[in-house]
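Novice: I am attaching a structure below and will ask some questions about it afterwards.
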Amino acid sequence: RNFNSIILLRYRQYGQLLSIKNQKYYIMEKENNKLPLMTAEQIEVFNIFTEQFPKNGINEFLWSYKGYFGSHVDFAFRFWHETIAPEAQIPIWAIDFVDWNKIWEMKLKYRFTEINGYYFDNDYFSKK
């Protein structure tokens, strides 16, 4: 099987593949809503996400997916940098002394789910 036929087989239950252009894919959900382009990597991650949480669809995936990170430390630092740092009054030199693993363990692991290095925001999907 080639990659495109695997995608078509996987999406039979979620929707229909509309077109393939430059390794990006339009997906049509059952309600016939046109969704944003997804790369081949996003489609692979979507498959992982729906295997773990089958009651969720493409919309929940697109809202909750935060990216791939090599460790909880990398994710915690990136989360801080993108959401908190712009408003924080912390000197740049102090960032080196932050225990990012402790921040993951004490706070972030309750808000985010990690599957094979892919991170998802729990606020946007059902874990049931």
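Novice: Please verify whether Thr50 is modelled with pLDDT of 50 or more, within 14 Å of the chain's Cα centre (by Cα) and among the hydroxyl-bearing types (Ser, Thr, Tyr), treating the condition exactly as stated. Break it down into steps so the answer makes sense when it comes.
Specialist: Details: modelled with pLDDT of 50 or more: yes; within 14 Å of the chain's Cα centre (by Cα): yes; among the hydroxyl-bearing types (Ser, Thr, Tyr): yes.
The answer is yes for Thr50.
Novice: Please go through segment 54-75 and pick out each residue that is surrounded by 12 or more Cβ atoms within 10 Å (Cβ to Cβ), modelled with pLDDT of 90 or more and not charged (D, E, K, R). Before you say what the answer is, go through the steps one by one.
Specialist: Step one: list which residues in segment 54-75 are surrounded by 12 or more Cβ atoms within 10 Å (Cβ to Cβ), which gives 56-69, 71-75.
Narrowing the set further to residues that are modelled with pLDDT of 90 or more leaves 64-69, 71-75.
Selection gives Ser64, Tyr65, Gly67, Tyr68, Phe69, Ser71, His72, Val73, Phe75.
Residues checked against (1) open to solvent by 20 Å² or more (accessible area, probe 1.4 Å); (2) in contact with a Cys (Cβ under 6 Å, 6 or more places away or on another chain); (3) among the charged types (D, E, K, R):
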| site | (1), (2), (3) |
| --- | --- |
| Ile43 | no, no, no |
| Phe46 | no, no, no |
| Phe49 | no, no, no |
| Phe77 | yes, no, no |
| His81 | yes, no, no |
| Ala88 | yes, no, no |
| Trp93 | yes, no, no |
| Asp96 | yes, no, yes |
| Lys127 | yes, no, yes |
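Novice: Continuing with this model, one more query. Taking the condition of being over 20 Å from Phe46 (Cα atoms) and either more than 22 Å from the chain's Cα centre (by Cα) or buried (at least 16 other Cβ atoms within 10 Å of the Cβ) (or both), how many residues in segment 103-119 meet it?
Specialist: 3
Novice: Hey, another quick one. Six or more apart or on different chains, Cβ atoms under 7 Å: show the pairs whose first residue is in segment 103-121 and over 12 Å from Val73 (Cα atoms) and whose second is open to solvent by less than 20 Å² (accessible area, probe 1.4 Å) and among the β-branched types (Val, Ile, Thr).
Specialist: Cβ pairs passing all conditions: Tyr118/Val45; Phe120/Thr113.
Novice: Does Thr113 fit the bill of being in contact with a Lys or Arg (Cβ under 9 Å, 6 or more places away or on another chain) and under 29 Å from Lys128 (Cβ atoms)?
Specialist: yes
The values are calculated or read from the model by the stated rules, or taken from the named source; none is laboratory data. Since the model is a prediction, treat every value here as computed from it, not as a measurement. So basically every Cβ, Gly included, is an ideal-geometry build from the backbone, and we count neighbours across all protein chains shown. SASA here: full protein model, heavy atoms, side chains in, ligands and nucleic acids out. Shrake-Rupley method; radii C 1.70, N 1.55, O 1.52, S 1.80 Å.
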